[in-house]
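Notes to accompany the following structure.
The values are calculated or read from the model by the stated rules, or taken from the named source; none is laboratory data. Predicted, not measured: the structure shown is a model, and the values here were computed from it. Heads up, the Cβs are rebuilt from the backbone with ideal geometry, glycines too, and the neighbour counts pull from every protein chain shown. The accessibility values were calculated without ligands, DNA or RNA, using every heavy atom of the protein model including side chains. Shrake-Rupley method; radii C 1.70, N 1.55, O 1.52, S 1.80 Å.
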Amino acid sequence: MDRLVTPAFATEELRELLQTPLPVQEGSTPIRHILTDSRSLLSPHDTLFIAIPTDSGDGHRYLQQLYARGVRSFVVEHLPEQVTRGEWPGNWYVVPSSVGALQRIASAHRARFPQLVSIGITGSNGKTIVKELLYQLLEPTRAVMRSPRSYNSQIGVPLSVLGIEATDELAILEAGISQPHEMAALREVIQPSIGLFTCLGGAHQENFPSLEAKLREKLLLFTDCHTIVYGADDPLVARLMRETCPRGEHLTWSRRDPAATLYVVQEETRGDETNLQLRALGKDYQLTLPFADAGYVEDCLVALTLLSRLAPELLGQPEPWAHLHPVAMRLEVKDGLAGNTLINDSYSCDLRSLSIALDFLRRRATATGERPVLLLSDIEGSGLDDRALYSEVASLIRSYGVAELLAVGEHISSQLGVLEGVRVMTFPTTEALLSSRVLSQIQGSCLLIKGARRFAFEEVYRRLSIQEHQTVLDIDLQAVVHNLNHYRSLLPPEHPIICMIKADGYGTGAFELARTLQEHRVEYLAVAVADEGKELRDKGIRTHLVIMNPELRSAETLFSHRLEPEVYSFQLLEGLRAKARALGVRDFPIHIKVDSGMHRLGFDYADMERLGRELSACSELRVSTVFSHLATADEESGADYVHHQYELFAQCCEALERTLGYRPRRHLLNTAGIERYPQYALDMARLGIGLYGFSPTGRGGVEPIARFSTVILQVKELRAGEYIGYGCRGHLSRDSRIAVLPVGYADGFSRRLSRGAYAVMIRGHLCPTVGNVCMDACMVDVTDVPGVLVGDEAILFGCAALPLEHMAEVCDTIPYEILTGISSRVQRRYWRE
Ligand SMILES: *Cc1c(COP(=O)(O)O)cnc(C)c1O
């Protein structure tokens, strides 16, 4: 992970912070990037790499590689020989603990923003959920930053904190511990002003002598908080909170005590909803939450308690609560195969969450009349011995009326082999379960799937699920980031980039891309029309947005949503100006498009003088950038035309600036231009197809981001001589096994791929198409694939042997058209990490 820190850290500052003499010194570029994962290297000259030894690998192993790539500042626990021999001059900070050093740097960064309100969240369960809840609710009206995913460890917390920026008003950070003495370090890093405690459960107890000891350790996060927030109905929690923070303000929620900050007057679960009647600040509120899970409701109550102080208006608005994002939900319910219902709860696996999930299972199964079945792995880290733990589990299973238990793992199997009144099957491992026939025999049941991470129940879940959308486009967001960094490395350091996410992100989905690119601090995003831009703003994208084809009709939307229009004609300019004047808008940024030879849209050289004059007298609009587009950057023989366009563009800019009176930023390059003509980088660059994993000049360095796949719907044995498909265009010359795939030209699998022109990948074999591709289906020859089965995956493109470019070639087009042609009914699935 790479963290951009602003303001930068000077060498001197780091030296003092880390209290280490510098053995060898070279230059003193201030540090702007803190790097712990060598793969994320972005900007070598101002990066500080912190070599951290972890269970999964040692950062010290990458020193050589990073040094070769130009990094000159390092935090290490021991110096490599090359440094002692004087071969690698640079700034080497030798410290006893590199994690400690990372924490000290983060803590210094945090201290730069004394005005920032930081909310430190801890507790046994629900930290991530509470964080996400608060974020979803506060983010529309505040500048909020939050720790990514569940970055709550000794390394994750400082990395999160390094992401704080001067414009942030609120930081929401979670802190988790597994060992005594860890929390004090995290407190120094987070320096929370508000402390929030979710709940006390059994997770990670093995390293602590008692529940109280563990709680005391957690509460060390709160010692300097001016406000703490928690549920007051647990007497142990309430007592220790008073001891920890005797002078701070206590915001509590309670089902019993009407004097609590938030008093739960009434609570009723109906179907998948929970109705709450609450009293806070002397007023009564009614809220409906879109879920029934008891644990999740309690997480909401903690969040509500804080909000009653921070943003009380939110309690009176039912809207935001009704639309809470289900992503963060702990219990996922889904239809499974064979009439089963699946409840997936792999978020945590401990006693508390088990009883919540079993409660949910019972209610669900009672409502639908299905058999309640529990699939459970060994429970780890409870701090109890096996006998005590599993007798507790057994009594839960009985009291919640589970009909059948599938137990996976040595421990649970040895303790719960026999349970009166419950049908039990045991398996030593997940593999043993998967290779038995048990899963395929479960019918008409409601299955709760709950397993510790190590047991990887994802595969079990997949096996039991109906794959609703069998044809999917998988998007690897990590590869998008890789590609962004690749093009950044071809441009001068810190060169601003506009990422083109028009046409719904070249077909891959504009919102997910925008979110990822915003996280990686891309300066600008560009879409085609105002509605696309508005949708991104509504979903929380704050990056500068350029609208490439604005319409006058949408001028109000542009101004109200800070969507910066491209302006390519006097008519558009006049129209925008009139609207701006009517709305009282001043200095609104616009982007001037110059036609330097593409002959699509844009002003000509002859327009420049008048354009500059009109704009210089225009207080409503201000030219942010001037740009033009290359027509031949991707062609080997296009160089002369590119130089010509560059010259003409430069002349246009100068002519414009003469009458305009100021100098807007200039940009010319698209992806092919960045690859071939970095000398024309000017002030910015516009990155399109390269982001999506295609290098238009064939120089490589990019990773594919999209993988298009489906599954086999049916397999048929056919005799030689039989015909296949419309018009009987497929004729079999041998006895064949033919697979039917649910993908056709309406999905973007072109008819040009018919009759053997293309082959898809099944079980590592290329299988040619047979007959014509139909609207919703196609047939492929799987005669030579051993063991082929219904449900097997067929890769349409996106693996090494079958790149997107190949499909484009067969269709006699460019990858742009293939990607944007994948229809919207194909589900997009996004992957990070
Ligand atoms: C689409 C577009 C780009 C990006 O082009 P790529 O070839 O995909 O890099 C750049 N500039 C303008 C004006 C565009 O419309």
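Annotations
- Per-region count, segment 669-692, residues in a loop (DSSP other than H, G, I, E, B), more than 9 Å from the ligand (Cβ to nearest atom) and at negative phi: 3
- Residue satisfying all of: in segment 571-588; without any contact (Cβ under 8 Å) to a residue 40 or more places away in the chain and under 18 Å from residue 602 (Cα atoms); most open to solvent (accessible area, probe 1.4 Å) among these: 571
- Subset tally (residues that are surrounded by fewer than 22 Cβ atoms within 10 Å (Cβ to Cβ) and either more than 16 Å from the ligand (Cβ to nearest atom) or in a loop (DSSP other than H, G, I, E, B) (or both)) for segment 542-552: 6
Residues checked against (1) open to solvent by 40 Å² or more (accessible area, probe 1.4 Å); (2) in contact (Cβ under 8 Å) with a residue 12 or more places away in the chain; (3) out of contact with any strand residue (DSSP E or B) (no Cβ under 9 Å at 6 or more places or on another chain); (4) away from the ligand (no atom under 15 Å from the Cβ):
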site	(1), (2), (3), (4)
621	no, yes, no, yes
627	no, yes, no, no
642	no, yes, yes, no
645	no, yes, yes, no
658	yes, yes, yes, yes
661	yes, yes, yes, yes
664	no, yes, no, yes
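- Residues located in segment 487-508, provided they are surrounded by fewer than 23 Cβ atoms within 10 Å (Cβ to Cβ), on the phi > 0 side of the Ramachandran plot and more than 9 Å from the ligand (Cβ to nearest atom): 494, 504
- If you go through segment 694-716 and keep only what is within 14 Å of the ligand (Cβ to nearest atom), in contact (Cβ under 8 Å) with a residue 60 or more places away in the chain and open to solvent by 10 Å² or more (accessible area, probe 1.4 Å), you end up with 694, 696, 697, 702.
- Sole exception among (1) under 25 Å from residue 121 (Cα atoms); (2) open to solvent by less than 90 Å² (accessible area, probe 1.4 Å); (3) in a strand (DSSP E or B) for residue 279, by number: (2)
- Scanning segment 410-444 for residues that are closer than 17 Å to residue 379 by Cα, hydroxyl-bearing (Ser, Thr, Tyr) and either outside the structural domain of residue 374 (by TED's automatic domain parsing) or open to solvent by 40 Å² or more (accessible area, probe 1.4 Å) (or both) turns up 414, 426, 429.
A quick yes/no check of all residues on (1) at pLDDT 90 or above; (2) part of a loop (DSSP other than H, G, I, E, B); (3) not assigned by TED's automatic domain parsing to the domain that holds residue 423:
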site: 308; (1), (2), (3): yes, no, yes
site: 338; (1), (2), (3): no, no, no
site: 349; (1), (2), (3): no, yes, no
site: 352; (1), (2), (3): no, no, no
site: 355; (1), (2), (3): no, no, no
site: 359; (1), (2), (3): no, no, no
site: 364; (1), (2), (3): no, no, no
site: 376; (1), (2), (3): yes, no, no
site: 387; (1), (2), (3): yes, no, no
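- Residue count for segment 45-74, restricted to those that are part of a loop (DSSP other than H, G, I, E, B) and open to solvent by 40 Å² or more (accessible area, probe 1.4 Å): 4
- Pairs are defined by a Cβ separation below 6 Å, a sequence spacing of at least 6 or placement on different chains, a first member in segment 166-184 that is touching a residue at least 60 places away in the same chain (Cβ under 8 Å), and a second member that is in a helix (DSSP H, G or I) and open to solvent by 40 Å² or more (accessible area, probe 1.4 Å); the pairs so defined are 183/220.
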